[in-house]
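Novice: Below you will find the structure I want to go over with you.
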Amino acid sequence: MRICIGRHFQFEASHQLPQEHECYGKCRHLHGHRYELEVQIEGELNPRGWICDFAELKDIVHRHVIDKFDHQHLNHFFEIPTAEHIALWIFQTLQKALRDKEYQLVKIRLYETEKNYAEVCALNSE
């Protein structure tokens, strides 16, 4: 039986969407967010009775995502730093970081605001 676990993270960052496109509205102006990131993995229980130590998951996400983006200007990393582009990059990066583990990345959800998020899910978690 496969079991899912997850962990919640936060980071602060600024961004600005392209000024030449009016469709971006107020987001064309420099502004910041307190991003909320949820990371979910799945796997089989190991002999210790867990899928992964939560501290291990925390360290991986901090090393590959939080330490890179916290208090940074996201336009330095993305041409168009929408929640969708950022979420896709986070998913692909964590998927690579976890590829040799006994568990797999199932999905990430990146909240740009309390009500708005982008989510990326694995096509097949088996």
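Novice: Determine, yes or no, whether Val39 is under 12 Å from Ile90 (Cα atoms) and not in a helix (DSSP H, G or I).
Specialist: Judged against the criteria, Val39 is a match.
Novice: Identify, please: which residue in segment 44-77 is in contact (Cβ under 8 Å) with a residue 40 or more places away in the chain and loosely packed, with under 14 Cβ neighbours inside 10 Å and is, among those, farthest from Lys115 (Cα to Cα)?
Specialist: In this case the residue turns out to be Asn46.
Read-outs: derived from the displayed coordinates by stated rules, not from any lab. Since we're looking at a predicted model, the values are computed, not measured. Please note: Cβ atoms are built from the backbone with ideal geometry, for glycine as well, and neighbour counts cover all protein chains shown.
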